[in-house]
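S.K.: Take a look at this one; I'll ask things after.
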Amino acid sequence: MTDLFAPLQSLKEGRWFKLICGASFQHLPAVRSLTLAYTLAGADCIDVAADPAVIAAAQEALQVARTLSGDAQKRGFKSQENLPFLMVSLNDGEDPHFRKAEFNPTECPQDCPRPCERICPAQAIVFNNIKDNYSGVVSQKCYGCGRCIPVCPYDIIYTSSYMTTPGAIAPLVMSTGVDAVEIHTQVGRLAEFQRLWQAISPWVEQLKLVAISCPDGEGMIDYLKAIYDLMHPRPHALIWQTDGRPMSGDIGDGTTLAAVKLGQKVLAAKLPGYVQLAGGTNSYTVAKLKAMELLNDFRLPILDFGLEDFKLKSKIRLGKFATEGNPPGNFPQNPKSKISGVAYGSYARVLLSPILEQLENKEVSQTSVKATVRLEEDDVLLWRAVELAHSLVSQLKSQQER
């Protein structure tokens, strides 16, 4: 199966790029524009909220990208021959990725300096918005980073977490035709994970990929091993997403260190599957991985480290490294213990925020109804967005292009 899909080939070669739109980010115009720009820039996976409207917006953008892929290649962008996987994020319990900030704007004193408005990376907090005559949190834009909470001088901002029962989630999400699922879990929630896994198990064979995202904690590796043992049927391909500092990549270069450290910890455990960084990733991440020799050297042949059951009939050498034959169900690991890819969330979104803001401010009248201009309708903004997205994607992809 691996050879059939370009995104899985990227995983094998250690150049997997995933865009995280946000597990609770539901601003449809932004999701659509981000999906379109990063697809044309060569992303392997687009991760969106498990919301049918969000999924539909991303799917529409993928089809637009298909029609523009030739133009992208003529402009020098190495867009994928196949469309990226469309992934949805699910949670088995309370999780910071699945929450929204809330507050009552009438409780804000008139002389408040409003630090919440300035610090919000999603521009989800507004006061006296002229266009919509609204003050407060724009729920669709909020993705739960929580940065507004500690800066509020009056301590009136709180978060509202949300969960949906596995039995309700599975049919709703899987019927949309998504390619992959990411499950957010935490140490100690094995029973909750098992309930969610059982709910989606009828669709596992249809999925091209499953990702497990788990923050660090005492007993994390044993917990991940326990998760792997109960996953039946096995997914075709499995990613362990190491979420270092969730939703912090746009803060500064130092945030990537936690993601790399956690990635090394999971690599050392030699779990079956691929290891992919997330949480605090930004433009510094690939440079850090290269400096630490944690990315594959493309001058060497690449082994297939997927999760399909097979036997390696002979020893295959990679320089001084090698892997031995493995019986079915004992999946081979990367003998060089490399990171297979990087997921970018807040940094990737903020990188394109000037373009998204310009689009949001450009309206056209359609039968007396105001509508935001779609990215592909503005040629200048479209290719500027793709150029910005490509500046991030190419950090991983350029290795393969050398």
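S.K.: Out of all the residues in region 222-250, which are crowded, with 17+ Cβ neighbours inside 10 Å, in a helix (DSSP H, G or I) and hydrophobic (A, V, I, L, M, F, W, C)?
M.R.: Leu224, Ile227
S.K.: Now a separate question. Take the residues in region 255-284 that are part of a helix (DSSP H, G or I) and open to solvent by 50 Å² or more (accessible area, probe 1.4 Å), then tell me which one is farthest from His97 (Cα to Cα).
M.R.: Ala268
S.K.: Is it true that Leu8 is in contact with a Gly (Cβ under 8 Å, 6 or more places away or on another chain), hydrophobic (A, V, I, L, M, F, W, C) and either part of a helix (DSSP H, G or I) or farther than 18 Å from Ile212 by Cα (or both)?
M.R.: Yes; evaluated as a whole, the condition is true for this residue.
S.K.: While we're on this one: Return the residues of region 22-38 that are assigned to a helix (DSSP H, G or I), hydrophobic (A, V, I, L, M, F, W, C) and surrounded by 24 or more Cβ atoms within 10 Å (Cβ to Cβ); say none if nothing qualifies.
M.R.: Within region 22-38, the subset assigned to a helix (DSSP H, G or I) is 28-38.
Checking which are hydrophobic (A, V, I, L, M, F, W, C) leaves us with 28, 30-31, 34, 36-37.
Matches in region 22-38: Ala30, Val31, Leu34, Leu36, Ala37.
S.K.: In addition: Which of the residues belonging to region 76-106 are farther than 30 Å from Arg384 by Cα and in a loop (DSSP other than H, G, I, E, B)? Give the steps one after another, and end with the answer.
M.R.: Taking region 76-106 first, the residues farther than 30 Å from Arg384 by Cα are 90-96, 98-106.
Asp92, Gly93, Glu94, Asp95, Pro96, Phe98, Phe103, Asn104, listed by residue number.
S.K.: When Gly244 is evaluated against the numbered criteria (1) at pLDDT 95 or above; (2) touching a strand residue (DSSP E or B) at 6+ places or on another chain (Cβ under 9 Å), which criterion, by number, is the only one it fails?
M.R.: (1)
S.K.: Okay, moving on. Counting only residues that are within 20 Å of the chain's Cα centre (by Cα), hydrophobic (A, V, I, L, M, F, W, C) and open to solvent by less than 20 Å² (accessible area, probe 1.4 Å), how many does region 140-158 have?
M.R.: 1
S.K.: Another one. Mind telling me which of the residues Val187, Val126, Val137, Val178 ends up being closer than 27 Å to Pro84 by Cβ and surrounded by 15 or more Cβ atoms within 10 Å (Cβ to Cβ)? Full working, then the answer.
M.R.: On the way: Val187 fails: closer than 27 Å to Pro84 by Cβ; Val126 fails: closer than 27 Å to Pro84 by Cβ; Val137 fails: closer than 27 Å to Pro84 by Cβ.
Of Val187, Val126, Val137, Val178, the one residue that is closer than 27 Å to Pro84 by Cβ and surrounded by 15 or more Cβ atoms within 10 Å (Cβ to Cβ) is Val178.
S.K.: A further question follows. Checking Pro109 against (1) surrounded by 21 or more Cβ atoms within 10 Å (Cβ to Cβ); (2) of a type outside the set (A, V, I, L, M, F, W, C); (3) assigned to a loop (DSSP other than H, G, I, E, B), only one condition comes out false. Which one?
M.R.: Pro109 satisfies every listed condition except (1).
The values are calculated or read from the model by the stated rules, or taken from the named source; none is laboratory data. A quick note: this is a predicted structure, and the numbers were derived from the prediction, not measured. For neighbour counting, all protein chains shown are included, and Cβ atoms are generated from backbone atoms with ideal geometry for every residue, glycine included. Surface areas here come from the heavy atoms of the whole protein model, side chains and all, with no ligands, DNA or RNA. Shrake-Rupley method; radii C 1.70, N 1.55, O 1.52, S 1.80 Å.
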